[in-house]
Amino acid sequence: MAAQQTYPRWLINCKQGISDSKEWNTFLAELHEAIQQQLTESHVQYFTDLSEAEKDLFMERATAAIEGGGIFTNLSKKVSVLLDQHLNEEVSRQLLEDAPVGTKSDLIIENAEEGSISMLKKWPDMKNKLNICLNQALPLPLRMVAWRLYLVNNRVRKHYVDQLNSNPRAAISPYDLEITQTCEALINTEPTFADLKGSVGSFYAMKAVLSYYHASLKTKNRLRDVDYLLVVPFVKVNDSNMPKREPPAGRTIAALVEQYISYMESRPGFVTDTGSDKHEDEMAAFVDKIGKELQLKFPSVAKAVVNNVVSTKEKIVETETGKYALLMEGLTSLVRPVIRSMFVTYLNFDTLLYVWDQYMIGSNTPGFHTEWLANVTLVFLGLLREKLKDADSAAAMEKVLKTEGPRLMIPQFQYEVKTDHYKGLYSMLQQDQKAAMPVLDPTQSEHPPWRHWYNDVIPPYTKPQERRRAREEREAERERMARMQKDNEISKREQAIKERREEDDDYQRMAAGERQRLETERMKLEEMVQEERRKRLQAEQRAREQIDRLQMEVAALSHSKPRSRASTTRSSAVISRFCVAPPPTRVSSPELLPPIMENKRAPTPAASPDNQTREVLIDFLQRVKLGADKIAHGQGEEKAELDKETDGYLQQNVKDIKRAQRDILGHTLKPGEFDRMSPTSQQNISEQMMKMMQKWREDRRARELQQTPGSRKNSRLANR
């Protein structure tokens, strides 16, 4: 089970007593020898070398080998004695201390039931041990567990849960409204369903199961009337788990769906009775089995069926074969609706669930369903034989079944089954088992009878003062337990508060660490910004110094005047006038020299010093400006990225301004509205807006610091 399985205290004590007994140790030694012999025969060295399935097989073979011996018999007797002792001791303790309302017999049954349920939940494969409950109505808690174990179907349950989680609409039938109305009408009008009337949980469970069942069939046909009837026993068994004023829990619905669909899929053909040839043959064989027994045990009922159901066919009644054919035809029409509905609406709930208990107990035995339904149908007709004899028509006989059947009680069925059918049914249940579970009923077994029932020590006589003192001690003990429970609850609450406080402290420490980390990163970024700013200032300082130096050079050039071209020409003319040319050489030609071509183009006037200084200064300033632009705005892709980040920053700034206006004023300022405010209001609003915008910028800054290094780089470029 999902939750930890708990056992009754008396069962735990019994287990401990068995474990400490010498009979148990002797049995273990014998079992070990039997297993060792199998290992030797199988040429296996160690038991641990076997797989799990092989281990189980070896254990079963070893147990079967020693099951009929004296050691096993002694152990069974010891188990019987210890069960008797511990169970009766627990009941005696309850009678003395708890002051129960029930009798000692009731307490023994309740404790035995509790122990059986705990073991069935722990070992579901032991459900075949319920064969011992044949012809007994199971107690409600045991019935719920037994039905669930016999009808377990993980495939159906998983499909239902998965469909609810993935597509809940697919779990609802297209005829859901019709199913709802039919369920409501059936519960309100059927006399045998009076216990379910007014229960919202039962109605909703019935409707939900049938709606999903019809949706799972994927058919356009509507549900048959018998489908509505067959879900009622499952709803009744689980009625104690369902609220009366609201729909049941989803887990309860899932369990009902699993059990109902498993039952519908496992029905015999004569119960399903869809009209096919195969089902008709099974129905004929089933009715034939009932008819033969009916002629032997209740001939008056057989005669009434022949006379009243098919009285129009006298011409073939003369022979025995003809009479039997009429009996089969009449019995089929009479029994068919009873079997199809599995006695629902024909018996009261207690008797109906008794019939279904026996059906469930034999689920794992081939042929048991047919045998049990045939026997219980025969008993049903036999118990109503006096009323059926007086019926004068087929309709009257059917009315007898509907009106008189719900009046039948469980002991009536138990007596008839015990008298005529118990041995055959029980032998069918035990035919596949080599040894049945030891029967601890003193009237049916060879084990020592339970004597603690009669040998309980009679409580000694006590005086009123002693009883008063004992009562006061019990009251003091109850108060002590109540205080202890209260102290435990208080300590649990304090522990929970302490744990929450520790969690809050851990969260605060984590938050402080995160803030410290963000502050450290912010300081690092600020240092980087300061360093970048310092470098820019140094570059600007160097540029300014260079500009000043160039300005000084320009000023120095402007103060120094160049020599005049006229004086130079004039001095050249004077020199040429006073200097005589040397005589020609002997090799020189007496011919005249070629004339010198004079350049008639006017020379370009020289630029004035002021203009030269201005041009140099302008060119330098342009180069400085170009360098500053490259430093500040970048170039190429970097410039485009900076422009994009700048636009985003401007847009975000506009959004922050509008958001701050909405948070402070409740709306966005219209043009001219801010100017119409008083200077004090303008100043207050401006300060509040700046604080809010600064906070938002810091928050965005913190988020950006947690981004990738590439994103941080973009943020730094945008901040420039």
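The values are calculated or read from the model by the stated rules, or taken from the named source; none is laboratory data. Since the model is a prediction, treat every value here as computed from it, not as a measurement. Glycine also receives a Cβ, built like all others from the backbone with ideal geometry; neighbour counts cover every protein chain displayed.
So, Gln661, is that one at pLDDT 80 or above, over 29 Å from Glu526 (Cβ atoms), in contact with a Leu (Cβ under 9 Å, 6 or more places away or on another chain) and not in a loop (DSSP other than H, G, I, E, B) or not? Outline the logic, then answer.
On the way: at pLDDT 80 or above: yes; over 29 Å from Glu526 (Cβ atoms): yes; in contact with a Leu (Cβ under 9 Å, 6 or more places away or on another chain): yes; not in a loop (DSSP other than H, G, I, E, B): yes.
Yes; evaluated as a whole, the condition is true for this residue.
Output the number of residues of region 389-410 satisfying the condition of being closer than 15 Å to Phe343 by Cα and part of a helix (DSSP H, G or I).
Summing the residues that are closer than 15 Å to Phe343 by Cα and part of a helix (DSSP H, G or I) in region 389-410 gives 11.
Looking at (1) of a type outside the set (A, V, I, L, M, F, W, C); (2) surrounded by 17 or more Cβ atoms within 10 Å (Cβ to Cβ); (3) not in a helix (DSSP H, G or I), which one does Gly102 not meet, given that it meets all the others?
So the condition that Gly102 fails would be (2).
Condition (residue is surrounded by 12 or more Cβ atoms within 10 Å (Cβ to Cβ), in a helix (DSSP H, G or I), out of contact with any helix residue (DSSP H, G or I) (no Cβ under 7 Å at 6 or more places or on another chain) and charged (D, E, K, R)) applied to region 76-87: is it met by at least one residue?
Taking every residue of region 76-87 in turn, at least one turns out to be surrounded by 12 or more Cβ atoms within 10 Å (Cβ to Cβ), in a helix (DSSP H, G or I), out of contact with any helix residue (DSSP H, G or I) (no Cβ under 7 Å at 6 or more places or on another chain) and charged (D, E, K, R).
Being in contact with an Asp or Glu (Cβ under 9 Å, 6 or more places away or on another chain) and in a helix (DSSP H, G or I) is the filter; apply it to region 1-38 and report the residue that is farthest from Val81 (Cα to Cα).
Among those residues, the one meeting the criterion is Arg9.
I'd like to know if region 248-259 contains one or more residues that are of a type in the set (S, T, N, Q), under 17 Å from Val152 (Cβ atoms) and surrounded by fewer than 22 Cβ atoms within 10 Å (Cβ to Cβ).
yes
Which members of region 209-247 meet the condition of being among the hydrophobic types (A, V, I, L, M, F, W, C), crowded, with 22+ Cβ neighbours inside 10 Å and in a helix (DSSP H, G or I)?
Val209, Leu210, Val232, Phe234, Val235, Val237
When you scan region 133-145, do you find a residue that is touching a residue at least 60 places away in the same chain (Cβ under 8 Å), among the aliphatic types (A, V, I, L, M) and over 22 Å from Asn241 (Cβ atoms), even just one?
Yes: region 133-145 contains one or more residues that are touching a residue at least 60 places away in the same chain (Cβ under 8 Å), among the aliphatic types (A, V, I, L, M) and over 22 Å from Asn241 (Cβ atoms).
If a residue counts only when it is exposed (fewer than 13 other Cβ atoms within 10 Å of the Cβ), which helices (runs of 4 or more DSSP H) contained entirely in region 137-208 have at least 3 such residues?
154-166, 176-189
Taking Glu503 as the residue in question, decide whether it is surrounded by 10 or more Cβ atoms within 10 Å (Cβ to Cβ), among the acidic types (Asp, Glu), over 30 Å from Val624 (Cα atoms) and modelled with pLDDT under 90.
The answer is yes for Glu503.
Considering only region 98-155, how many residues are of a type outside the set (Gly, Ala, Ser), under 22 Å from Cys14 (Cα atoms) and within 36 Å of the chain's Cα centre (by Cα)?
Of the residues in region 98-155, 17 are of a type outside the set (Gly, Ala, Ser), under 22 Å from Cys14 (Cα atoms) and within 36 Å of the chain's Cα centre (by Cα).
Looking at Asp643, Asp619, Asp656 in this structure, which one is assigned to a helix (DSSP H, G or I) and at pLDDT 85 or above? Full working, then the answer.
Working: Asp643 fails: at pLDDT 85 or above; Asp619 fails: at pLDDT 85 or above.
Of Asp643, Asp619, Asp656, the one residue that is assigned to a helix (DSSP H, G or I) and at pLDDT 85 or above is Asp656.
Please specify each residue of region 79-108 satisfying the condition of being farther than 22 Å from Gly17 by Cβ and β-branched (Val, Ile, Thr).
Val101, Thr103 - these are the residues of region 79-108 that are farther than 22 Å from Gly17 by Cβ and β-branched (Val, Ile, Thr).
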